[in-house]
Each structure stands twice: as C-alpha cells, then as structure tokens.
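Data block below; observations after.
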Amino acid sequence: ENKLLIMKDKDNMQKILTEEAEKMKQVAEEAARLSVEAQEAARMRKLAEEDLAQQRALAEKILREKMQAIQEATQLKAEAEVLQKQKDLAQEHARKLQEDKEQIRLQLEEETEGFQKTLEAERKRQLQITAEAERLKLQVTELSLSQAKAEEEARRFRKQAEDISGKLHQMELSTQEKVFLV
C-alpha cells in the first residue's frame, strides 16, 4: 500500500512535473515570443525614431525653406511697392509732361496764329508800300516826262521869246531909223 501510495505520489509528482515542465515550456515559449516581440518592438521603435528624426529634419528643412520663401516674398513685396511708387511717380511725371506739352502746343498755336496775323498784316502793308512805291514811281516817271516836256516847251518858248525879242529889237531899230530919217 505504501508502495502503491509512493507510486501514486510518484505518478502525481511526475504528472505535476510534466505539467510544470509544460508550463515552463509555455512560459519559455511565451518569454521567447515576448522577447521576439520586444526585439521587433525595439526595431520598430528604432525605425519609428529614425523616421521621426527624418520627419523632424524634413519639417525643419521645410520650415527653413518656408521662412526663406516668406522672407523673399516680403522682400519682393517691398521691392514691388517701391517699383509701384516709382511707376506712379513716373506716370504722374508723364501726365504732367503731357499737360505741359499740351499747354506749350496751345501757346505755340496762339503765338503762331499771332505771328501769322502779324505776317499777313506785314505782307499787306508791304503790298501797299510796294503799290504806293509803284504809284510814286509812275508819278515820278510821269513828272519826269512832264518836266522834260515842260523844259522842252520852256526852251521852245525861250527860243520863241528870243526870236520875238530879236524881231522886236529889229523892229525897234527899224522904227528908230524911220523916225530918225523923218
């Protein structure tokens, strides 16, 4: 009976040991599985950290580029504003020049019209002077002809007068001789 009990205890013990061994095996397998999972998790964590570092570096690079782009955009905006002001000033200057040009054109038109009127008046005056000069020239020519005729007639009259005077003198002499003889 003791033997039986010992055998039974031995069987129970064997059974317990087998169960314990099975449990230990399961624990070891679980530990191995957990170890593999832990290694995988560590590998995944490392990959995630590397990925995070890359993402962070990329984000920093993008941020730097964005900040640089913002700075360049701000600078370009400032330059564009300066250029716009210069353009506005140039347009205002061009408008003023156009106004001045128009004013000068109108003034030149007025002056030209005045000069043309003055020239026309001067031309008319010159024509009048020329006509008057021609009239006077004609008058002088006529007077010269009249003077020449008058001088010719005066010479003729003088000659006639001399002839008459000579004849009168002859008559007087002749009359005196006749009176003297009587």
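The values are calculated or read from the model by the stated rules, or taken from the named source; none is laboratory data. Just so we're clear, the structure is a prediction, and the values are computed from it rather than from any experiment. With ideal geometry, Cβ positions are generated from the backbone for all residues, glycine too; neighbour counts draw on all protein chains shown.
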**OP:** Please state which one of MET67, MET44, MET24 is surrounded by 10 or more Cβ atoms within 10 Å (Cβ to Cβ), assigned to a helix (DSSP H, G or I) and at pLDDT 95 or above.
**Re:** MET67
**OP:** Quick one: which residue in ALA90, ALA131, ALA80, ALA94 is among the aliphatic types (A, V, I, L, M) and over 25 Å from the mean Cα position of the chain (by Cα)?
**Re:** ALA131
